[in-house]
1. Can you put A:V385, B:V206 in order of accessible area, largest first, using a 1.4 Å probe?
2. With a 1.4 Å probe and every protein chain left in place, tell me how much accessible area B:T169 has, in Å² to the nearest 10.
3. Starting at the first residue of segment A:194-200, write each ³J(HN,Hα) from the Karplus equation 6.51 cos²θ - 1.76 cosθ + 1.60 with θ = phi - 60°, in whole Hz, x for Gly and Pro.
4. From the C-alpha coordinates alone, can you work out the Kirkwood hydrodynamic radius of chain B, in Å?
5. Quick one: compute the contact order of segment B:280-384, relative version, from alpha carbon pairs under 8 angstrom and 6+ residues apart, as a percent.
6. Largest first, please: the extent of the C-alpha atoms of segment B:280-384 along each principal axis, to the nearest Å.
7. Loop only per DSSP, at most 10 neighbouring Cβ atoms within 10 Å: give me the trypsin sites (Lys or Arg not before Pro) in segment A:1-64, ordered by residue number.
8. Any idea how far the Cα center of segment A:96-125 sits from the one of segment B:61-112, in Å?
Amino acid sequence: MAHGPAKGIGRWLFATNHKDIGTMYLWFSFAMFILGGSFAMIIRAELFAPGMQLVKPEFFNQMTTMHGLVMVFGAIMPAFVGLANWMIPLQIGAPDMALPRMNNLSFWILPFGFSLLASTLFMEGGAPNFGWTFYAPLSTTYAPDTVNFFIFGIHIIGASSIMGAINIIATVLNLRAPGMTMMKLPLFVWTWLITAFLLVAVMPVLAGAVTMMLMDINFGTSFFDAAGGGDPVLFQHIFWFFGHPEVYIIILPAFGVVSAIIPTFSRKPLFGYSSMVYATSAIAFLSFIVWAHHMFTTGMPIAGELYFMYATMLIAVPTGVKVFNWITTMFKGSLSFETPMLFAIAFVILFTFGGFTGLMLAVAPADIQYHDSYFVVGHFHYVMVAGAVFSMTAAVYYWLPKWSGKMYDETMGKVQFWIAFIGFNIAFIPQHFLGLAGMPRRYADYALQFTDWNMVSSIGAFMYGAAQLMFLYNVIRTIVAGKPTSVEKTWEGAEGLEWTLPTPAPFHTFSTPPEVK
Amino acid sequence: MVFRVKQLVVYALSPLLLLFSVGQRAYAEDAHASGWSLLNMPQGVTGVSNDIYDLHMTVVWICVWISVVVYGVMFYSMFAHRKSKGYKAANFHESTTVELLWTILPVLILVWVAFPSTKSLIELYDTSEADIDIKVTGYQWKWQYEYLGEGVEFMSELTTSESSIYNETPKTEYYLSEVNEPLVLPVGKKVRFLLTAKDVIHSWWVPDLGVKRDAVPGFINETWAKIDEPGIYRGFCAELCGKGHAFMPVVINALPEAEYETWLADKKVAAAAEREMAKKTFTLEQLMAKGEAAYNRSCASCHMANGEGIPGAFPGLKGSAIALGPVAEHLDVVVNGVSGTAMQAFGGQLSEVDLAAIITYERNAWGNDVGDMVQPLDVLKFKQGQ
């Protein structure tokens, strides 16, 4: 146990310790979050009033594309991988991740992938401008030459995700402490295990899609070009076969986090543990068979349309089970409202709202009106931001004392929460109105009737952006000048192996496996 | 009475739905509602759009009632079961009965929603027995409408000026939803739309008609509408199609049948006159003047008004090898496009007069000084010679 971290930059470059790698993932993802957020600020500033004020439409399209790509692949996914690195070994009583060197590699190729992607901003032709869903042929025949950098960037990011996922599967299946049976795993571990299987299944599909694009662009194939016998809609099928499971890749670990935090601050065990596990598995299974609900206007045959509508509606069932379980956990608990709990409750409220609009979108005839409108933008920000980002923020406040041995400032945490919560709703509620009233998404400029709600939405977005800078300040302040704490169990209601360790968690933990009864 | 009670409950519980309901009423009073009162989907003017609206409201109300229960229990716990009030936690943590209940109940609700949804979808897909067929073709960044079998076709392009987009001149009432020539349709007839695109995927959306369908290059999609009331209906392109995505609106002018017939007859006469024009010979000055106007309408969005293009995306024409080279190659590029690039085939989009004028303009503008000109007849011969 005398063995400590290496000195200097080598500690990070050659890191094999799950905590160091987790820390790097978390900081990297936060940097990407700020980058993607600044793109969003440009978008909302441009949309504050009708007319082009700050940017040209071609640059606006680069901003919407890069915002989506950076947030999905750079901010949310690596953030949860970082959390998994930190918490999975602590929660299952393992000394480290199963494959520490691969862990190092999977992190360190990420900065290269994103450098490739972001470098296009400074090139002739500009960054990708075809939306984060990069539909062909806009992303092939009609794309700027820089699209090749985007393709290789996606390849690298995908490889990183696959390695991260393999590592998590290997760790959870092999390194559990004696007595830690599968049905005793904390839900965060369960949701991540299922997520990892999703990742391994669909990231290669994404790699396939971008490789087909690469061939179409540079080597004369016609996968997505009707003139050569291909089909542009084929691209959408392949993309969404990846893309739909991807949204569950983003949200399932968030479910795990919330399932840890709500019982803690309710001082009552999670209601329906096993049904939570089954519901998560059911959601993961369904995620593979509903992809074409993103394509209700592409002119699918009616049989396909009906099937995808019914299958999509089914997702509401296991998702509902999860929400009901969280609420029943709170029911007759002994509730207190520290910052992590506030974010977790906001998650349940807002995610449920996103679920409702999701159900509306599943109804295919109505989707004819909602599709590709701002209603969809509102919907998926409720699920992605209020879902993934709120739960991630909750997780940081929840475990930061364990990681750093310092306590964050509760007042500052609560102030951040309220600014984020109010700002978020001001930003995204109006987008539902805009979409229903007929404003399409990815519009650099809009007709005059959409002015008022766009203005409101922009103000909310700036507020929400400010809350994130406050979050950064709170985290740094805690690490630098927070009140030191050495209480093992930071929260009186918390359960789990991580709370049996000293605070801050030492560099090496569980070198001798704990006994789980 | 029942509805009153329902509304009262919802008003009390959900400010969001209050907004929804207010929006509904605003719509009923003013078809062109704008600003703050734009909160809900328009009911529209077709059977399909009304069905969609009803379905939308049904699901909204289902969600409202579920959220009243779910959020209600949650907020009750948050107020009643607080540690600060000294509430002691219970210890129950599972119940198969409850889990089964909240699995089966949602399934039943979904089945209930599935019936009207299926019915509407089948209706929406029934494009049979149409009275009129219109081919809609998406281009970067305009729509082309062709009245199949009538010999009438035209481009419908945004008329909002660049200067008002860049805030140099005031914005008009229908900023970004005004076009040079709307699609004219008769009321009370079943119109079938056949959609395709020449370059990237576009999507033709008119909320009041309950119609949105992708226009996919190389494929033809079908949808339909039967408009109940005369009026002007505006919509947009809904699929990201490049930098002009926000600048290719759809405008429909629905006329009573007799007026529509008159319009169509006039249109046929005008089309014949246009074909006659192609046989005339023009002077260089005439071609340059026509060419500048046509170039700015059809070419300048990529090659720019100053002919310099956008480096890395669209080539410049000022001093370019094509513009200064042989006429035949220049004709080929403009008429047939360049496959594998964003350069479209303009042969089918523009009249012979416009094509001749544009080519002449490109060869003699911005310091290009080839000095020759192309007549409409040359274009016609080139097309026929292929």
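1. The most accessible residue leads, giving A:V385, B:V206.
2. Estimated to the nearest 10 Å², B:T169 gives 60 Å².
3. 5, 4, 4, 5, 4, 4, 4
4. 25.1
5. Relative CO of segment B:280-384 lands at 31 percent.
6. Computed over segment B:280-384, the largest-to-smallest principal extents equal 39, 28, 24 Å.
7. A:K7
8. What the calculation gives is 43 Å, centre to centre.
The values are calculated or read from the model by the stated rules, or taken from the named source; none is laboratory data. Keep in mind that this is a model prediction, so the values were computed, not measured. All Cβ positions, even for glycine, are placed from backbone atoms using ideal geometry, and neighbour counts span all protein chains on display. These area figures cover heavy atoms from the full protein model, side chains too; ligands, DNA and RNA do not enter into them. Shrake-Rupley method; radii C 1.70, N 1.55, O 1.52, S 1.80 Å.
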